[in-house]
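The values are calculated or read from the model by the stated rules, or taken from the named source; none is laboratory data. Bear in mind that the values here come from a model prediction, so they are computed numbers and not experimental data. Because the Cβ atoms are built from the backbone with ideal geometry, glycine has one as well, and the counts that use them run over all protein chains shown. The accessibility values were calculated without ligands, DNA or RNA, using every heavy atom of the protein model including side chains. Shrake-Rupley method; radii C 1.70, N 1.55, O 1.52, S 1.80 Å.
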Amino acid sequence: MEPAQEQTTTEQAVTLPLGGDPSMPRFGWTRVAMALRPMWDAPDEVLRVEVSGHEPLLVDVAADAYWWTTSTADMPVEPGDVRVGREARSADAVITGTPGTELHTLLWHIGLNSFPGELAWWLQRDDRYRLVRWPNFTTLAHTPDHVRMTSLLGYASLTVDELAEQANVAPAEARRLVTAFSLMRILRSESPDVALARPAFQRESTPQPTAVPARGGLFRRLLDRLAR
């Protein structure tokens, strides 16, 4: 496969070298995670990732697949120099001619090792999260803590802090899991201000509550007594 080009053509978007776009982070998998999210709205394009010391990684979210000569066991936790670019699916013979690997294993690895210690930028700490589909742990490298947190998210909607407390894990571990599930698109979130569940990978603006006029007199005093 040819190295990613860093100029715009009619078939390829601009590749983003390190420092090329100030809105993109300069470190590892976080850069890839942020580039992946918009790809669900670009079904005719694939993401090309160049990681130092490895062959190029190609990701096709529309096909739910990726192509990489690096095995799951050898995926770096903290990759060094990372370059990310988008190109037309038809431009790469590997994608059009060979079957890829199921994407969720890569998204799991990226999610756990991006945004170090914090939630992904598209997630909110005060939102409640719940699984919409159980992950296939037979193909994912996982720990007992991962299974315990997943079980909790399968039966209740929890904030990240509640998840960490109930699973007896460090808050950073809960944030990593929620980020991974969000990237895998198997999580929904609910704002504390709106009783409306939505996919955790696509936040919506929260409408402002309508102000309720104050009431006085006897009715107000009865409400105050009932509230005690």
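Each residue in the stretch 46-62 was checked for being under 19 Å from the mean Cα position of the chain (by Cα) and open to solvent by less than 60 Å² (accessible area, probe 1.4 Å), and 9 pass. Only residues that are touching a residue at least 12 places away in the same chain (Cβ under 8 Å), assigned to a loop (DSSP other than H, G, I, E, B) and not polar (S, T, N, Q) were counted across the stretch 136-157, and they come to 3. A single member of F181, F201 is at pLDDT 95 or above and under 22 Å from P38 (Cα atoms), and it is F181. Of the residues making up the stretch 160-172, just one is within 17 Å of F115 (Cα to Cα), in contact with a helix residue (DSSP H, G or I) (Cβ under 6 Å, 6 or more places away or on another chain) and open to solvent by 10 Å² or more (accessible area, probe 1.4 Å), namely P171.
Looking at the structure I just gave you, is Y129 within 18 Å of A42 (Cα to Cα), of a type outside the set (D, E) and open to solvent by less than 30 Å² (accessible area, probe 1.4 Å)? Judged against the criteria, Y129 is not a match.
Within the stretch 158-184, being hydrophobic (A, V, I, L, M, F, W, C) and without any contact (Cβ under 8 Å) to a residue 24 or more places away in the chain holds for A164, A167, A170. The residues on offer are V160, V169, V132, and the sole one that is under 27 Å from P79 (Cβ atoms) and under 19 Å from the mean Cα position of the chain (by Cα) is V160.
Based on this model, can you work out whether R175 counts as within 22 Å of L36 (Cβ to Cβ), among the basic types (K, R), at pLDDT below 95 and within 17 Å of the chain's Cα centre (by Cα)? So R175 fails the test.
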